[in-house]
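Below is one structure, written out as structure tokens, with a few remarks after it.
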Amino acid sequence: MNINLLKEKSLQIRRTILKAALSAGKGHIPPCYSWTDIASVLFYGNILNISPNKPDWKDRDRFVLSKGHASLTLYSILSDLEYFAADELDKFATGGALLPGHPDAEIPGVEVCTGSLGHGLGVASGMAFASKKDNLSWSTYVVLGDGECQEGSVWEAIMFAGHQELGKLIAIVDRNTFGATDSTENTARLNPLDDKFKAFGWDVEEVDGHNFNSLISTLNQAKIRVHENKPLCIIANTTKGKGIDFMENSQYWHHQMPKGEQIDIAWEQLGGKWID
């Protein structure tokens, strides 16, 4: 898929996220938008080796969304890839729905329940460890929020993965620099994040998380890495709320929902229209 098509896919996914969140009256739109471009390259850019027709295919790459509150990005893509019917998004986060607020392993295409922040990398490390021990072909990808990188369990997993030399583990940190209520650097400073990962035996790459050329290049290189004795961390510098200007880089927009005129402005900036 070429760059223009990837950009259009990202825009389409952002519209789908907004529609589902507005219909449900809930959702974490800004955290979803910061990793939408990353997700588009992973799922549409021939990075993940997956098969929507066979969600349990044993040789598939494993993907874990550790920042589970940003589930609507993943759901929107899985729906578009026909893992499940599109109308399931209309029932997002309602009683008995297939798609709850955080990913559940009962959903086709979802590997593990996530959303209790700090757990996803540990699970992904376990998957990568099993793949290495059994000499299997598949890789494991995990997307973390930078806010959750303040959790101690994340650093336990980083230490484990480095020690076990899990070369087919790729962790992507959605580095939008905001937690739920404030900057990460104001709550528990993460910088220099790259040096921290390196100290635990990881390779590190840094990339603009909204630059499709850079994302494609970096993620393609991750697939064919020479040094397979080290896990890889990709620090993707992103903008929380990317695509809707009044949400971007704001500590006040985490799970807040647009209202009134804000809805019209959001749709205009995404090139669509809200029909209630």
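Structure values in brief
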item: Count - residues of the range 240-269 that are part of a loop (DSSP other than H, G, I, E, B) and surrounded by fewer than 19 Cβ atoms within 10 Å (Cβ to Cβ); result: 12
item: Unique residue being in contact with a Gly (Cβ under 8 Å, 6 or more places away or on another chain) and either buried (at least 21 other Cβ atoms within 10 Å of the Cβ) or at positive phi (or both) when the list is 78, 11; result: 78
item: Enumeration of residues in the range 147-167 that are over 13 Å from residue 197 (Cα atoms), buried (at least 24 other Cβ atoms within 10 Å of the Cβ) and out of contact with any Gly (no Cβ under 6 Å at 6 or more places or on another chain); result: 166
item: Verdict on residue 17 being of a type in the set (Val, Ile, Thr) and either buried (at least 24 other Cβ atoms within 10 Å of the Cβ) or in contact with a His (Cβ under 7 Å, 6 or more places away or on another chain) (or both); result: yes
item: Tally of residues being part of a helix (DSSP H, G or I) and not aliphatic (A, V, I, L, M) across the range 152-188; result: 11
item: Helices (runs of 4 or more DSSP H) lying entirely in the range 33-142 (those with 3 or more residues that are of a type in the set (A, V, I, L, M) and farther than 26 Å from residue 240 by Cα); result: 120-133
item: Residue 181, sole failed condition from (1) touching a Gly at 6+ places or on another chain (Cβ under 8 Å); (2) within 22 Å of residue 153 (Cα to Cα); result: (1)
item: All positions within the range 180-222 that are modelled with pLDDT of 95 or more, touching a His at 6+ places or on another chain (Cβ under 9 Å) and of a type outside the set (Phe, Trp, Tyr); result: 201, 203
item: From 95, 45, residue being at pLDDT below 95, on the phi < 0 side of the Ramachandran plot and either over 15 Å from the mean Cα position of the chain (by Cα) or surrounded by 18 or more Cβ atoms within 10 Å (Cβ to Cβ) (or both); result: 95
item: Residue satisfying condition, being modelled with pLDDT of 95 or more and in contact with a strand residue (DSSP E or B) (Cβ under 9 Å, 6 or more places away or on another chain), within set 72, 78, 65; result: 65
item: The range 126-146, subset of a type in the set (Ser, Thr, Tyr) and in contact with a strand residue (DSSP E or B) (Cβ under 6 Å, 6 or more places away or on another chain), residue surrounded by the most Cβ atoms within 10 Å (Cβ to Cβ); result: 140
item: Matching residues in the range 242-263 - criterion: being among the charged types (D, E, K, R) and within 18 Å of residue 16 (Cβ to Cβ); result: 242
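The values are calculated or read from the model by the stated rules, or taken from the named source; none is laboratory data. These numbers were taken from a predicted model, which means no experiment stands behind them. Neighbour counts run over all protein chains shown; Cβ positions are idealised from the backbone, glycine included.
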